[in-house]
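I have placed the structure first, in the form of structure tokens, so that the comments after it can refer back to it.
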Amino acid sequence: MRIDIITVFPEMFEGPFSHSIVKRAIAKQLAEIHLHNLRDFTSDKHKKVDDYAFSGGAGMVMMIEPIAKAIDFLKSQRDYDEIIYTSPDGELLDQPMANSMSMLENIIILCGHYKGIDERIREHYITKEISIGNYVLTGGELAAAVIADSLIRLIPGVLGNETSALSDSYQNGLVSPPVYTRPREFNGWMVPGILLSGNDRLIAEWKHQQSLKRTQERRPERYNDLVDED
Ligand code: ADE
């Protein structure tokens, strides 16, 4: 998968993509991330990429020209499956959306800023708008990093068997059961005996029951949907 990110703050991505699983996926060439500084696409001599909103109102709006130029440049190089805009009013990112997007080959993520982008970009270029939650961030960079991370870890070959995405919370609609590691006892707090029993069938059943219980407690609406499906 190739991800092209258009941003006014490319430095913000140095952290998220240079560690652990995402770093390895890039090293193994299972994922490619290309950062594009929006300021490189403006013809303004001060590299300005935002302007006042017509009719006033608080906050600056990202201008149409540099964004259109950046997207046109990328589209002239290859076809894109989705051109995504990060926005608090977009479709909420969830695991089914991440699963289906992880199959895509080429995507662009445009990071929003200020009071938003000129609406004509949304109308004529953007194919998908994504929010990572019902709260407002200072910009779309953190959202873009979250989206990229959630997709990259699902690309076949990125996670080993031990950390397989199949056992993730939400992958089967249930949240994950609790996990423990050594020592067996700490401050008198014991690891549940069943996990030390060596009985694979009972352990699997315990984990499933714990997943059900947690889902019912923490995501009751999801639990009710699952029960209704049966
Ligand atoms: N930009 C600002 N807030 C955001 C959010 N919650 N999701 C995606 N992009 C955003």
Over segment 13-55, the set of residues buried (at least 18 other Cβ atoms within 10 Å of the Cβ) and in a helix (DSSP H, G or I) is Phe13, Val22, Ala25, Leu38, Phe41
Among all residue pairs at least 6 apart or on different chains, which show Cβ distances below 7 Å where the first residue, located in segment 64-80, is in the same structural domain as His113 (by TED's automatic domain parsing) and the second is surrounded by 11 or more Cβ atoms within 10 Å (Cβ to Cβ) and charged (D, E, K, R)? Ile64/Asp118; Ile64/Arg120; Leu74/Asp4
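What do you reckon, is Ser169 under 23 Å from the mean Cα position of the chain (by Cα), outside any loop (DSSP other than H, G, I, E, B) and closer than 30 Å to Leu104 by Cβ? Walk me through it before giving the result.
Numbers: under 23 Å from the mean Cα position of the chain (by Cα): yes; outside any loop (DSSP other than H, G, I, E, B): no; closer than 30 Å to Leu104 by Cβ: yes.
So Ser169 fails the test.
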For segment 93-120 the number of residues that are in contact with a helix residue (DSSP H, G or I) (Cβ under 9 Å, 6 or more places away or on another chain), within 13 Å of the ligand (Cβ to nearest atom), of a type outside the set (Val, Ile, Thr) and touching a residue at least 60 places away in the same chain (Cβ under 8 Å) is 3
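One residue is enough: does segment 85-95 have a residue meeting the conditions of a type in the set (S, T, N, Q), part of a loop (DSSP other than H, G, I, E, B) and more than 18 Å from Arg2 (Cβ to Cβ)?
Filtering segment 85-95 for residues of a type in the set (S, T, N, Q) gives 86-87, 95.
Those left that are additionally part of a loop (DSSP other than H, G, I, E, B): none.
No - not one qualifying residue is present in segment 85-95.
Would you point out which residue out of Gly90, Gly15 is under 30 Å from Val175 (Cα atoms), within 15 Å of the ligand (Cβ to nearest atom) and under 25 Å from the mean Cα position of the chain (by Cα)? Talk me through it step by step, then tell me what you get.
On the way: Gly15 fails: within 15 Å of the ligand (Cβ to nearest atom).
After ruling out the rest, the residue left standing is Gly90.
A quick yes/no check of all residues on (1) surrounded by fewer than 19 Cβ atoms within 10 Å (Cβ to Cβ); (2) out of contact with any Phe, Trp or Tyr (no Cβ under 7 Å at 6 or more places or on another chain); (3) in a strand (DSSP E or B):
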| residue | (1), (2), (3) |
| --- | --- |
| Ser76 | yes, yes, no |
| Met97 | yes, yes, no |
| Lys115 | yes, yes, no |
| Arg122 | yes, no, no |
| Ile126 | no, no, no |
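Among the residues of segment 104-120, count how many are modelled with pLDDT under 95 and of a type outside the set (Gly, Ala, Ser). First the steps, then the outcome.
In the first step, residues of segment 104-120 are kept if they are modelled with pLDDT under 95; the result is 112-116.
If we keep only those that are of a type outside the set (Gly, Ala, Ser) as well, we get 113-115.
Selection size over segment 104-120: 3.
Applying the selection to segment 121-166, what residues are among the aromatic types (Phe, Trp, Tyr) and either modelled with pLDDT under 95 or within 16 Å of the ligand (Cβ to nearest atom) (or both)? Show your work before the answer.
Of the residues in segment 121-166, the ones among the aromatic types (Phe, Trp, Tyr) are 125, 135.
Once the filter is applied, which keeps residues that are among the aromatic types (Phe, Trp, Tyr) and either modelled with pLDDT under 95 or within 16 Å of the ligand (Cβ to nearest atom) (or both), segment 121-166 yields only Tyr135.
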All-but-one check, Asp89 against (1) crowded, with 18+ Cβ neighbours inside 10 Å; (2) not assigned by TED's automatic domain parsing to the domain that holds Glu221, failing number (1)
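The values are calculated or read from the model by the stated rules, or taken from the named source; none is laboratory data. None of the values given here were measured: they were computed from a predicted structure. Glycine also receives a Cβ, built like all others from the backbone with ideal geometry; neighbour counts cover every protein chain displayed.
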